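Down below is the structure, laid out as structure tokens.
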Amino acid sequence: MSARSAWLERLIRSFKRSMHVVPPPPGSGPPLDLDRHRLGDVRVGDSIDRLGDFGPVEDEAAIADGDFRYYCRGIWFSATKGAVDSFGVFWRDTDRQGFLPFAGWVHFRQESFALDATTTEADFVERFGAPYWRDREREILLFYECGDIEWQVEFNRKKLLCALTIISPPLLADPKQRKMYRVTRGWPPHDV
């Protein structure tokens, strides 16, 4: 199958999913615990065997690239050598891959609450504090550094929440990445 036909097949599957699946109600998905940097019971570094609780992967072809996509839940995991190295949630599928909005509760500093596609950048920063770095090249991307974990929080041009990725090691730990994002702050962050 050519790359173009594979892309077309994924596009058709995503369209069919969006036509036949009603987004789940808030709180019905796995919890996103930002204090412990985990989604459900899975943290970065865990074996991919722990993903079984999320049900069947919804894109078998992506597994070959180490990607485990759960479109109906609005979540994905990426793995290298059998271990999760990043994961993320979508509230707004800006790349039109077919992800429904994430419907799990978010836990942070002993509070549980919902975030959604109407959460503004200002609301997010008010709740979670100022990021280590803010990039606004294409979309708005906030980087929060938490030791060996990094949050990447994406907002669209209207400053509305799109996605959150948790990754380790941090992308900005790499001097080349800091240069690409034009980071002017020192590394490592001193306020972690």
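Miscellaneous remarks
- Of the trypsin sites (Lys or Arg not before Pro) found in the stretch 117-156, those in coil by DSSP whose Cβ has at most 12 other Cβ atoms within 10 Å are Arg136, Arg138.
- Isotropic mean projected area of the C-alpha convex hull, the stretch 57-153 (nm²): 7.4
- Look at the alpha carbon pairs under 8 Å that are at least 6 residues apart: their mean separation over the length of the stretch 3-180 gives a relative contact order of 19 percent.
- Across the stretch 3-180, Cα-Cα pairs farther apart than 23 Å form 41% of the total.
- Calculated on C-alpha atoms, the gyration radius of the stretch 21-107 divided by its Kirkwood radius gives an Rg/Rh of 0.94.
Readers should treat all values here as calculations from the given coordinates under stated rules, not as data from a laboratory. Source: prediction; values computed, not measured. Note that each Cβ is placed from the backbone with ideal geometry, even for glycine, and that neighbours are counted across all protein chains shown.
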